[in-house]
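The structure under discussion appears below in the form of C-alpha cells.
The values are calculated or read from the model by the stated rules, or taken from the named source; none is laboratory data. As the structure is a prediction and not an experimental result, all values here were calculated from the model. Virtual Cβ from ideal backbone geometry, glycine too; neighbours counted across all protein chains shown.
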Amino acid sequence: MKQSIKLFQFSLFVMMAFLANPIFAQITAPKASLTAQTDYSDPVISENSIFVFCDNIGTGVGELIANSADGTSGWTFTWTKWDVGTGDYTIPVTVEVNQSESTLTNLTDGLYKVVISKTGETDEEGQAWVLNRTMSSQLPSFSFDRMDCVGVFFNASYVPVQLKYLDIPTANEKSFLTSYVFELTREGESIQRTPFDNYDGSVKNFFDEDAFEGENDYLMTVTDECGNEYSAPVISSETYKIHAEFSIDPMLGEAPLEITFDNNSVNAENFEWFIYQDFDRLETALTSVEDSLLIDGVLVDEDPAPYTYMHPGNYFVKLIASSNKGPETCIEEFYLKSEGTPIVVDTSLVQVPNVFTPNGDGRNDVFRVKSQSLKTFHAVLLNRWGRVVYEWKNPDEGWNGKINGKLATPGTYFYVITATGREELKKKYTKKGSFMLIRK
C-alpha cells in the first residue's frame, strides 16, 4: 500500500513538472543516426524525441542543439539532466548566457532539458533523450535450409540491440526496435539485400535462384544504422537448379542461311532442341509437336551441328534442358529470347536499277541486279536493235558496260530477267524493262 502511494506521488510529481511550462523549445540533433519518439504510458505527459548516436568507442558522443524562438541573442540557456533518484531534472549540465543558440556535445545517455529565458520574455522549455549506440559483439545466425529446382534457401536472424529509455510516469525501462539491413552474397556477389525496419529478431528467409556449377561460398552480413557490419560464418553449398539458354549466329540473312548454336545452359545434363517450321505456313489443325517441326524428330545433342534454312520465313528454336542431379528432375525451357524473337530468313527479292554510269569513278560502274534468297537466276541485256550484249546466271555478277572489250555506246538498253525464289511455294520472277547507260 505504501509502495502504491509513493508511485502515485512520483507520477503526480512528474506530471506537474512536465505541465508546469506549456511553451516548448525545439531541440534538434543533426548528427543523430536515428530519431524516434517516446511512448509514455501516461497520455497527459508530452512525448519526447529520442536521438540515437553512433558511439563505437563508448565515450558518449551525443549532441543537442537548442535555438531561441526569435533567433536573437541575449537568451540564457540552462541545461539539466533527469535524475532517476529524485525523479526530476536535478543534475546540472551547463548554463550559457547572452546566446541565440546553445549546443551540448559529448553527451552520455539520458533525458536532457533546456530552459531558455530572457528578461521580459516568456520562458521556453524542451526535453530530449540521448542514447549512444555502441558496436555489438553479436553475430548473425545463418543456416542452410534446403535446395530444390527453384534454388538454394537459407535462414538468418540477428539479436537486435535494445535501446532503452525510461517511462517517466512509472520509472520503468522501455525499449524500441531499430532497423537492420540483411545481405546475402555468393562468391562476393550480392544475391539478396533486404532492409528490415523495426526489426524484432525474428527469422528471415533468403534464397538464391541462380544456377551455377560446383560449390559456392555464401556470406550473410547484417548492417546497423551506424554502418557497422556483422558477418556470420561462411556456408558452402551447391545447387541443382538449372538454367537453359542458347544463342545463334546469325539471326538474319538470305536463304540458304546456315546458323550455328551456342549452348550456354548451366547445370543441365540433357537437352532437347525443337526447330520449328515457318509459323506463317503452319497448318491450323496440327495435332502434335512433331507436325510443327522443320526436321524429323527432336535433336538431343548438347551442341547441335549447324543447321541450314533453305527457305525464307520466320523460324523459332526452343531448347528444353533438364537435370537429375537432385532428388527431383529439374526442367527449364528457353526460346531465342524471352519475347520469342524469330530467326528471319529474308524473302526472295529482285530489284533492277534504271541507270548506271560505267565511267571508272568507282560508283555505279557495274549494272547489277539486287537480289536475295534466289534459287535460280538468269539475266539477258539487249541493245536497241535486240542484240544480246551481256548474259549471266550468277546474281552476284553484272555488266561492266563493255561489249567485246570495248566501251558500249551510251543510251537505252533493255533487260529480261527470270528468277525463282527459295520459298517452299516457289516465287517466280519475270522482269522486263529498260535502263540508261550514261558516261560523264
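Return the residue satisfying two criteria in turn: it lies in segment 162-193 and is within 14 Å of L111 (Cβ to Cβ) and of a type in the set (A, V, I, L, M), and of such residues it is surrounded by the most Cβ atoms within 10 Å (Cβ to Cβ).
This residue is I168.
Of everything in segment 88-119, what is of a type in the set (G, A, S) and outside any strand (DSSP E or B)? Give them in sequence order. Spell out how you get there, then give the answer.
So in segment 88-119, the residues of a type in the set (G, A, S) come out as 100, 102, 110, 117.
Result: S100, single match.
Answer with yes or no whether A156 is crowded, with 16+ Cβ neighbours inside 10 Å, part of a loop (DSSP other than H, G, I, E, B), outside the structural domain of V52 (by TED's automatic domain parsing) and modelled with pLDDT of 95 or more. Break it down stepwise before answering.
Working: crowded, with 16+ Cβ neighbours inside 10 Å: yes; part of a loop (DSSP other than H, G, I, E, B): no; outside the structural domain of V52 (by TED's automatic domain parsing): yes; modelled with pLDDT of 95 or more: yes.
Considered against the rule, which asks whether it is crowded, with 16+ Cβ neighbours inside 10 Å, part of a loop (DSSP other than H, G, I, E, B), outside the structural domain of V52 (by TED's automatic domain parsing) and modelled with pLDDT of 95 or more, A156 comes out as no.
Taking N172 as the residue in question, decide whether it is at pLDDT below 95 and within 30 Å of G85 (Cα to Cα). Spell out the reasoning first.
Details: at pLDDT below 95: yes; within 30 Å of G85 (Cα to Cα): yes.
Here the answer is yes, as N172 does meet what is asked.
Counting just the residues of segment 211-236 that are in contact with a Ser or Thr (Cβ under 8 Å, 6 or more places away or on another chain) and acidic (D, E), which one comes out surrounded by the fewest Cβ atoms within 10 Å (Cβ to Cβ)?
It comes out as E215.
Considering segment 139-148 alone, what residues qualify as being surrounded by fewer than 17 Cβ atoms within 10 Å (Cβ to Cβ), touching a residue at least 24 places away in the same chain (Cβ under 8 Å) and more than 24 Å from E225 (Cβ to Cβ)?
Going through segment 139-148, the residues surrounded by fewer than 17 Cβ atoms within 10 Å (Cβ to Cβ) turn out to be 139, 141, 143-146, 148.
Applying the additional criterion that residues be touching a residue at least 24 places away in the same chain (Cβ under 8 Å) yields 139, 141, 143-145, 148.
Result: S143, F144, D145, D148.
For every residue, the table says whether it meets (1) of a type in the set (S, T, Y); (2) surrounded by 15 or more Cβ atoms within 10 Å (Cβ to Cβ); (3) outside any strand (DSSP E or B).
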site	(1), (2), (3)
G326	no, yes, yes
E333	no, no, no
V344	no, yes, no
P358	no, yes, yes
N364	no, no, yes
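Quick one: I248 ticks every box in (1) over 24 Å from the mean Cα position of the chain (by Cα); (2) at pLDDT 95 or above; (3) surrounded by fewer than 16 Cβ atoms within 10 Å (Cβ to Cβ); (4) of a type outside the set (S, T, Y) except a single one, so which number is it?
Only one criterion in (1) over 24 Å from the mean Cα position of the chain (by Cα); (2) at pLDDT 95 or above; (3) surrounded by fewer than 16 Cβ atoms within 10 Å (Cβ to Cβ); (4) of a type outside the set (S, T, Y) is unmet by I248, namely (2).
Inspect all residues belonging to segment 120-138 and state whether any of them is farther than 15 Å from G62 by Cβ, of a type in the set (S, T, Y) and not in a loop (DSSP other than H, G, I, E, B).
no
Counting only residues that are among the hydrophobic types (A, V, I, L, M, F, W, C), give me the strands (runs of 3 or more DSSP E) lying completely in segment 178-292 with at least 2 of them.
Numbers: elements: 180-186, 189-196, 204-208, 216-223, 229-231, 235-237, 246-249, 252-254, 257-263, 270-275.
Here the list reads 180-186, 189-196, 204-208, 216-223, 246-249, 257-263, 270-275.
Would you confirm, using the coordinates I've provided, whether T430 is touching a residue at least 24 places away in the same chain (Cβ under 8 Å), assigned to a strand (DSSP E or B), surrounded by fewer than 17 Cβ atoms within 10 Å (Cβ to Cβ) and over 50 Å from the mean Cα position of the chain (by Cα)?
On the way: touching a residue at least 24 places away in the same chain (Cβ under 8 Å): no; assigned to a strand (DSSP E or B): yes; surrounded by fewer than 17 Cβ atoms within 10 Å (Cβ to Cβ): yes; over 50 Å from the mean Cα position of the chain (by Cα): yes.
Judged against the criteria, T430 is not a match.
Quick one: is T376 hydroxyl-bearing (S, T, Y), part of a loop (DSSP other than H, G, I, E, B) and out of contact with any Asp or Glu (no Cβ under 9 Å at 6 or more places or on another chain)? Before you say what the answer is, go through the steps one by one.
Details: hydroxyl-bearing (S, T, Y): yes; part of a loop (DSSP other than H, G, I, E, B): no; out of contact with any Asp or Glu (no Cβ under 9 Å at 6 or more places or on another chain): yes.
Considered against the rule, which asks whether it is hydroxyl-bearing (S, T, Y), part of a loop (DSSP other than H, G, I, E, B) and out of contact with any Asp or Glu (no Cβ under 9 Å at 6 or more places or on another chain), T376 comes out as no.
Take the residues of segment 297-330 that are of a type in the set (S, T, Y) and in contact with a Leu (Cβ under 9 Å, 6 or more places away or on another chain): which is nearest to K426 (Cα to Cα)? Steps first, please.
Initial filter on segment 297-330 (of a type in the set (S, T, Y)): 307-309, 315, 322-323, 329.
Narrowing the set further to residues that are in contact with a Leu (Cβ under 9 Å, 6 or more places away or on another chain) leaves 307-309, 315.
On the way: Y307: 21, T308: 18, Y309: 15, Y315: 18 Å.
Looking at the filtered set, the residue picked out is Y309.
Among the residues of segment 82-117, which ones are surrounded by fewer than 16 Cβ atoms within 10 Å (Cβ to Cβ), under 53 Å from the mean Cα position of the chain (by Cα), more than 21 Å from K164 (Cα to Cα) and in contact (Cβ under 8 Å) with a residue 24 or more places away in the chain?
S100, E101, T103
Given the residues D70, D83, which is the only one that is farther than 27 Å from N172 by Cα and not assigned by TED's automatic domain parsing to the domain that holds V159? Lay out the reasoning, then the answer.
Numbers: D83 fails: farther than 27 Å from N172 by Cα.
One residue alone meets the criteria, D70.
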